[in-house]
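The block underneath contains the structure these notes are about, expressed in structure tokens.
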Amino acid sequence: METFLIRALQLVLSLSLLVIIHEGGHFFFARLFKIRVEKFYIFFDPWFSLFKFKPKNSETEYGVGWLPLGGYCKIAGMIDESMDTEQMKQPAQPWEFRSKPAWQRLLVMIGGVLMNFLLALFIYSMILFTWGEQYVALKDMKGGMKFNEEAQAIGFRDGDILLSADGTELVKFDMDMLRSIVEAKEVKVMRQGAEATVLMPELSLLDVAKQDPPFLAAYQPNVIDSVVPDGGFARAGIGKGDTILAVNSRRITSWNEFLDEMANVQARAEVEQHPTASLTVVRSRGGVCDTLSVTTDTNYKVGAIGGLLDYKVTSIDYGFFASFPAGIALGVHTLKGYVNDMKYVFTKEGAQSVGGFGTIGSIFPKVWDWERFWSMTAFLSIILAFMNILPIPALDGGHVLFLLYEIIVRRKPSDKFLEYAQMAGMGLLFALLIWANFNDVLRFLF
């Protein structure tokens with residue numbers, strides 16, 4: 001319950017910030033061009049609002065709605081999610097959106113997307129300024145990688161050190177690395193002191209990212225680093241420095257394989273509704289092998305940490321001014337990666353992987369971590385900017401599309417057309433929202 005509340009709080013705080021910044025972009029340009037803003041709301045307020053106020057001598061009502069699906073900035077004289085068609089039947093007023101030149105209306109509509117993207121760049125810059133970068137370079141991971149069966153069938157071998165993909169150096173162990181490998185025609189690796197080439201078939205990043213055991217992982221030796229007093233291993237006499245050679249007759253050559261087998265053990269115990277599980281472990285100590293019986297704790301853990309390697313950590317610190325070009329580069333790179341991965345959404349597997357608020361909430365850490373929180377907020381800000389600029393009616397991109405049409409052909413689409421387009425777009429968005437959250441429910445139940 002505590003984990004749920006921490007993630008929910010982070011999600012609400014992050015989305016609230018993003019909504020304020022996004023709608024604030026529309027508000028800023030509207031007021032810059034002296035367009036009246038009738039409402040500025042965080043979350044939607046059908047039938048009633050949680051809080052609202054209207055400052056003296058102000059034309060704008062500010063408030064907080066009860067439906068946390070976004071927010072809105074109700075601008076006078078335009079067809080938006082409020083569907084205020086009665087206002088559009090009245091004669092146009094000079095302070096209305098529809099009375100302004102097309103270029104001003106265009107800036108009003110892209111204001112939200114612009115502010116979200118700028119926010120992401122600023123957050124990334126401040127993350128780098130505050131925490132810098134720390135990572136283990138792939139070339140310094142001397143133990144190499146552990147590959148699953150599919151990766152080994154392609155040509156990878158356990159212990160390979162990743163060097164490059166299609167001539168581009170692979171630097172960090174992250175999603176960019178996996179994307180580069182999946183999309184490459186050939187991958188260079190260091191194998192037993194000599195460079196080798198792995199020819200890559202056509203793969204789907206979505207499929208590869210979901211594989212369990214993972215397509216590749218940092219190799220972890222099957223040597224115990226430490227044990228918890230009174231834990232399962234400690235009770236069986238297994239201690240620091242021991243090597244695990246087998247679990248339940250399965251030969252173990254890495255800690256990665258040990259963790260895979262423990263996942264199988266837990267799954268079987270849960271199906272059989274056993275609070276603990278029994279293991280047969282072959283342990284090597286000083287060249288002597290023993291077969292030991294181990295009983296897990298009630299959480300199916302054995303109370304041990306293994307597979308640790310003392311790799312060199314690369315640390316980069318950024319001064320205040322140096323953090324901005326680095327943050328901009330990181331934000332642009334993140335946007336490119338996200339746009340590149342959008343092609344997977346239009347596959348059957350991609351549609352099934354689309355998630356709603358549950359999925360978004362799950363990307364936040366289980367404990368409060370400001371660096372992780374701000375990193376996720378920056379990423380969501382980039383997603384919000386990109387999704388909103390898509391040329392779909394009811395989104396900012398739909399309004400931009402119609403404004404560009406007006407600028408090019410010098411004729412406005414009719415109000416009736418815009419009204420129908422808005423309704424169709426809202427119907428599509430609600431359908432996508434329902435589908436995404438339905439997927440969350442299915443994942444929770446099954």
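The values are calculated or read from the model by the stated rules, or taken from the named source; none is laboratory data. These numbers were taken from a predicted model, which means no experiment stands behind them. Glycine also receives a Cβ, built like all others from the backbone with ideal geometry; neighbour counts cover every protein chain displayed. Areas reflect the complete protein model, heavy atoms only, side chains present, ligands, DNA and RNA absent. Shrake-Rupley method; radii C 1.70, N 1.55, O 1.52, S 1.80 Å.
Tell me yes or no: at least one residue of region 11-27 is among the charged types (D, E, K, R), buried (at least 16 other Cβ atoms within 10 Å of the Cβ) and touching a helix residue (DSSP H, G or I) at 6+ places or on another chain (Cβ under 6 Å).
No; the residues of region 11-27 include none that is among the charged types (D, E, K, R), buried (at least 16 other Cβ atoms within 10 Å of the Cβ) and touching a helix residue (DSSP H, G or I) at 6+ places or on another chain (Cβ under 6 Å).
Determine, yes or no, whether Val64 is β-branched (Val, Ile, Thr) and touching a residue at least 40 places away in the same chain (Cβ under 8 Å).
So Val64 does not fit the description; no.
Only residues in region 310-326 that are more than 30 Å from Val223 (Cβ to Cβ) count as the first member; pair them with residues that are acidic (Asp, Glu), Cβ under 6 angstrom, at least 6 apart or cross-chain, and list the lot.
Here the result reads Ile316/Glu133, each pair linking region 310-326 to a residue that is acidic (Asp, Glu).
Could you say which residue among Arg235, Arg283, Arg250 is open to solvent by 70 Å² or more (accessible area, probe 1.4 Å) and either closer than 28 Å to Gly143 by Cα or of a type in the set (Gly, Ala, Ser) (or both)?
Matching residue, one of Arg235, Arg283, Arg250: Arg250.
Which residues, counting only those in region 105-164, are in contact with a strand residue (DSSP E or B) (Cβ under 9 Å, 6 or more places away or on another chain) and of a type in the set (Ser, Thr, Tyr)?
Tyr135, Ser164
Please work out if Glu133 is free of Cβ contacts under 8 Å to residues at least 24 places away in the same chain, more than 18 Å from Asp212 (Cβ to Cβ) and open to solvent by 20 Å² or more (accessible area, probe 1.4 Å).
no
Select from region 265-280 the residues that are within 29 Å of the chain's Cα centre (by Cα) and surrounded by fewer than 13 Cβ atoms within 10 Å (Cβ to Cβ) and list them in ascending order.
Scanning region 265-280 gives a single hit, Ala267.
Take region 398-408 and flag every residue that is in contact (Cβ under 8 Å) with a residue 24 or more places away in the chain and either open to solvent by less than 70 Å² (accessible area, probe 1.4 Å) or β-branched (Val, Ile, Thr) (or both).
Result: Gly398, His399, Val400, Leu403, Glu406, Ile407.
Hey, could you check region 322-378 for residues that are loosely packed, with under 14 Cβ neighbours inside 10 Å and acidic (Asp, Glu) and say which is modelled with the highest pLDDT?
Checking each candidate, the answer is Glu371.
For region 175-210, how many residues are exposed (fewer than 12 other Cβ atoms within 10 Å of the Cβ) and charged (D, E, K, R)?
So the answer is 3.
Since Val12 meets every condition but one in (1) within 26 Å of the chain's Cα centre (by Cα); (2) touching a residue at least 60 places away in the same chain (Cβ under 8 Å), which condition does it not meet?
(2)
Please determine, by comparing only the residues of region 409-432 that are part of a helix (DSSP H, G or I) and touching a Phe, Trp or Tyr at 6+ places or on another chain (Cβ under 9 Å), which one is most open to solvent (accessible area, probe 1.4 Å).
Phe417
Please determine whether any residue of region 291-299 is surrounded by fewer than 18 Cβ atoms within 10 Å (Cβ to Cβ), touching a residue at least 60 places away in the same chain (Cβ under 8 Å), more than 16 Å from Glu133 (Cα to Cα) and out of contact with any Ser or Thr (no Cβ under 9 Å at 6 or more places or on another chain).
no
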